[in-house]
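Everything below concerns the one structure shown next.
The values are calculated or read from the model by the stated rules, or taken from the named source; none is laboratory data. This one's a predicted model, so the numbers in the text were calculated from it and none came from an experiment. Note that each Cβ is placed from the backbone with ideal geometry, even for glycine, and that neighbours are counted across all protein chains shown.
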Amino acid sequence: MSEAGPHGSGLDMDTIYYHLISRAFFLLGLIPLRISCRLANAMGRIWFVADRRHRDVAVANLHQAFGDQMTPAQIRVMARQVFCNLVGIIFEIGWSMHLKDADIRKHFRFCGMENLRAAMGRKKGVLILTAHIGNWELLLSSAGRIGLPISAIYRPLEFQPLDRFFNEMRTRDGAELFPKKRAMRKVLRSLKSNKIVGVLLDQNTGVLNGVFADFFGAPACTNKGLALLARETGAPVLPLFLVREKDCFRVEFGPELPHIKTHDKTRDIETATRLYNKVLENIIRRYPEQWFWVHRRWKTKPYKMWNPKVNPKDPN
């Protein structure tokens, strides 16, 4: 987009908004983490009280997952902590803009690197199973800073200035981004070059693009793209998550997941997707307050697959 204004000079509004957003994150990053953590907790509590819609979604989701293990009061406390953690992501993104390469190992603990090395030794590329947990926005940057050839499929944001900021933030250390609608060729090319491709698999999708797989005891419509890619390319699938711990961020590569390929393609995709959801559920159970519970994960219902009165393209 041109940066010329309506009279051929100056900046257009999208560019102005982009610079304002970038400057705001930069200034937030000047706040020490110990102070920003307190600010995030205070702001998260205010957001929790003020935003009834997302609060109700988070509480309902947590009840679905932990209703047989936690009291309503405990669920509400955890939901409030989820809001605090989400606000913390904003401060941490700003903090990361000031982080020097020499300090990466001080603040990020990389675990399971032997799993990644073994998978890359297969020379088929590596597919990464990940989720909106911890501070997922730091995942590409931290991996890129230690020299990993990583990329990710993403859904562009509707607000272009914010989309531009996040794209530049995510790719500043060498990572690549593939827009979801035009990703396939680039993904296949990356795998052929023995690179790493990440897929976020923890959000609701429509029935045309997904399969129903158990997630915290209820069927969740889950994108089938990762299972299909793994089956057709033979690329190993590794879980990868970036979560907060007391003294650092933990970047954890899990063991390679079983490769599933038989004569029944449909069943293979369903079996693999159930496995992926189980892996996601396990990491969320370890760090429940760090997952994105404000998303309506069980929004698409199974009955829509056979109800002729429902438009299958409509996830509502």
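Listed by first and then second residue, the pairs linking a residue in the stretch 230-251 that is touching a residue at least 12 places away in the same chain (Cβ under 8 Å) and among the charged types (D, E, K, R) to a residue that is surrounded by fewer than 18 Cβ atoms within 10 Å (Cβ to Cβ) and not in a strand (DSSP E or B), with Cβ atoms under 6 Å apart and 6 or more places separating them unless they lie on different chains, are Arg231/Lys261. The set of residues in the stretch 263-316 being in a loop (DSSP other than H, G, I, E, B), at pLDDT 95 or above and among the polar types (S, T, N, Q) consists of Thr300 alone.
Of the candidates Asn204, Asn209, the single residue that is touching a His at 6+ places or on another chain (Cβ under 8 Å), farther than 30 Å from Lys106 by Cα and not β-branched (Val, Ile, Thr) is Asn204.
When restricted to residues that are of a type in the set (A, V, I, L, M) and either surrounded by fewer than 17 Cβ atoms within 10 Å (Cβ to Cβ) or more than 12 Å from Val126 (Cβ to Cβ) (or both), the stretch 190-212 contains 5.
Summed over the stretch 38-93, residues that are within 25 Å of Met169 (Cβ to Cβ) and modelled with pLDDT under 95 total 0.
Which of the helices (runs of 4 or more DSSP H) found entirely inside the stretch 1-100 contain at least 3 residues meeting this: of a type in the set (D, E, K, R)? Here the list reads 33-50, 52-66, 72-96.
Could we say that Phe48 is aromatic (Phe, Trp, Tyr) and farther than 30 Å from Thr300 by Cβ here? Judged against the criteria, Phe48 is not a match. Would you check if there is a residue in the stretch 238-250 being in contact with a Cys (Cβ under 7 Å, 6 or more places away or on another chain) and surrounded by fewer than 19 Cβ atoms within 10 Å (Cβ to Cβ)? Checked the stretch 238-250: at least one residue is in contact with a Cys (Cβ under 7 Å, 6 or more places away or on another chain) and surrounded by fewer than 19 Cβ atoms within 10 Å (Cβ to Cβ). The listed residues are Leu157, Leu188, Leu200, and the only one of them that is touching a residue at least 40 places away in the same chain (Cβ under 8 Å) and in contact with a Phe, Trp or Tyr (Cβ under 8 Å, 6 or more places away or on another chain) turns out to be Leu200. Of everything in the stretch 214-223 that is surrounded by 22 or more Cβ atoms within 10 Å (Cβ to Cβ) and of a type outside the set (S, T, N, Q), the residue that is nearest to Phe110 (Cα to Cα) is Phe215.
Of all residues in the stretch 33-57, those satisfying the criterion of being among the basic types (Lys, Arg) and surrounded by fewer than 17 Cβ atoms within 10 Å (Cβ to Cβ) are Arg34, Arg38, Arg45, Arg52, Arg53. When the criteria are applied in full, Arg109 fails the requirement of being more than 22 Å from Ala42 (Cβ to Cβ) and exposed (fewer than 13 other Cβ atoms within 10 Å of the Cβ). Within the stretch 147-162, the set of residues being under 23 Å from Arg189 (Cβ atoms) and over 15 Å from the mean Cα position of the chain (by Cα) comprises Gly147, Leu148, Pro149.
Of the candidates Lys123, Lys181, Lys192, the single residue that is more than 20 Å from Phe241 (Cβ to Cβ), over 15 Å from the mean Cα position of the chain (by Cα) and at pLDDT below 95 is Lys181.
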